[in-house]
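Asker: Starting off with a structure, shown below.
All of the numbers you see were taken from the coordinates with simple rules; none came from a lab. It should be emphasised that the depicted structure is a prediction, and the values quoted were computed from it without experimental measurement. Quick reminder, even Gly has a Cβ in these numbers, built from the backbone with ideal geometry, and neighbours come from all protein chains shown.
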Amino acid sequence: MIGRSLGWMIAILLLAMAAWGVWHTWGAARPPVDAIVVRALLREESKPYTATACLTMPEAGKKIKSTVSLIHSPEAEIVTCPCPGNGTAWTIKKPECSYTYIPGSGVMVISRYSSLLTTAQRGRRLLANYRAEYEGTARVAGRKAYAIDLVPRHGTSPGKRLWIDVQNETVLRSVDRSSTGSERGMEITSINYGAPMDRAAFTPHPKAGTKTIIGCRPASLAELSRKVGVTVTEPRYVPSGYAIEGRHLFTPACGCCPSSAQITYTDGLNTISIFENRAGSECKSGCCGPESDKSGRCRVACCGVTGSGRITRGNKKVVVVADLPASEIRKIAESVE
């Protein structure tokens, strides 16, 4: 009898503790996570900083890690990464363009962007397609951060987890989920807000003899059709929640692969890229792929725009690149006339 009474008392205590936990969670002030996520991802109110970050990428069943350095200002950002035996690769990113240099290639790639969506429209689309779930706080790089899970409202899109600096609303850590189940991540390991920075560093200074390639630039459908030699059309199907973001002429940096029309769609977080070109237009033999890789992970990415959405219809080749189930990628590709 005593044992049974003691059991009931323990059960009541556990229920009381659980009830207190629920009340404590509900009663605590919940931060405005929707607004925080939009500001952090779209960098509406970002503050200058220098940082070191660790990137994790899946590759051939393994997780490949690399360390990068960042210099960030509201106007631009520099990302540098050492290439073993070849010097340092760097990217300067600005709202309207980016400059990327890969040592050993002798090429600097300039990409110019033109978004058909405003920042406000991207923010609204993000919140319409993803539910921001607040999971509490954690410490990242010695700083207090909100832990937030972006859960897709539609079944086809992968989600994302974020750890956002409570004070400055910088993304300190992120984990991107893939439709295949793999994950890629970024984690800032050290950060210094307000560090002095040389504004001249945001202007690219490639080495003498570096070849410049316009890797991406805005273009109309009519111009794209003239450039690639085939009538470029937009797909009749994209998954729910996606809106057209841009139309560009894409030129691989290797110099031995033909240019393609690129049409992009976004749901506020993820992107679908649709490439269109003439059927039979291929890269020159031996210029791309693992057999031509002379500088490890720091080689120039060129014609690696392939995927389960690659089809040929009449005189047109279509390639769809997106982090979506294979059936969705195929459906998008087949809807391009």
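Asker: Just how far, in whole angstrom, is the stretch 46-80 from the stretch 257-274 if you go by their alpha carbon centroids?
Answerer: First find each Cα centre; the distance between them is then 23 Å.
Asker: If I take R0 = 35 Å and measure r between the Cβ atoms of Y113 and R278 in this structure, what FRET efficiency does the formula 1/(1 + (r/R0)^6) give, to the nearest 0.05? Walk me through the numbers on the way to the answer.
Answerer: Numbers: r = 25 Å, r/R0 = 0.71.
The pair Y113/R278 has a calculated efficiency of 0.90.
Asker: At a 10 angstrom cut-off on C-beta neighbours, averaged per residue, how do the peptides 111-124, 219-232 rank from highest to lowest? If you can, show how the numbers build up before the last one.
Answerer: Values: 111-124: 15.2, 219-232: 17.0.
Descending packing order for the listed peptides: 219-232, 111-124.
Asker: Right, something else. Quick one: go through the stretch 193-219 and flag any residue whose amide nitrogen is under 20 Å from the point 7 Å out along the Cα-to-Cβ line of T88.
Answerer: Counting only backbone N, you get 193-211.
Asker: Turning to a different aspect of this structure: Quote the FRET efficiency, to the nearest 0.05, computed for R199 versus S220 with a Förster distance R0 of 41 Å and r equal to the Cβ-Cβ distance. The partial results should precede the final answer.
Answerer: Working: r = 35 Å, r/R0 = 0.84.
Between R199 and S220 the formula returns 0.75.
Asker: Continuing with this model, one more query. ³J(HN,Hα) across the stretch 107-118 via Karplus (A = 6.51, B = -1.76, C = 1.60, θ = phi - 60°), whole Hz, x for Gly/Pro?
Answerer: Taking θ as phi minus 60°, the curve returns 10, 10, 9, 9, 10, 10, 10, 9, 7, 7, 10, 6 Hz for the stretch 107-118.
Asker: Between T210 and T231, 0.36 nm times their residue separation minus their Cα-Cα distance comes to what? Don't jump to the answer; show the numbers that get you there.
Answerer: Details: separation 21, 0.36 × 21 = 7.56 nm, distance 3.41 nm.
That works out to 4.1 nm of additional length.
Asker: Between T67 and T52, what is the label-to-label distance in nm when each label sits 7 Å out along the Cα-to-Cβ direction?
Answerer: So the label points at T67 and T52 sit 0.4 nm apart.
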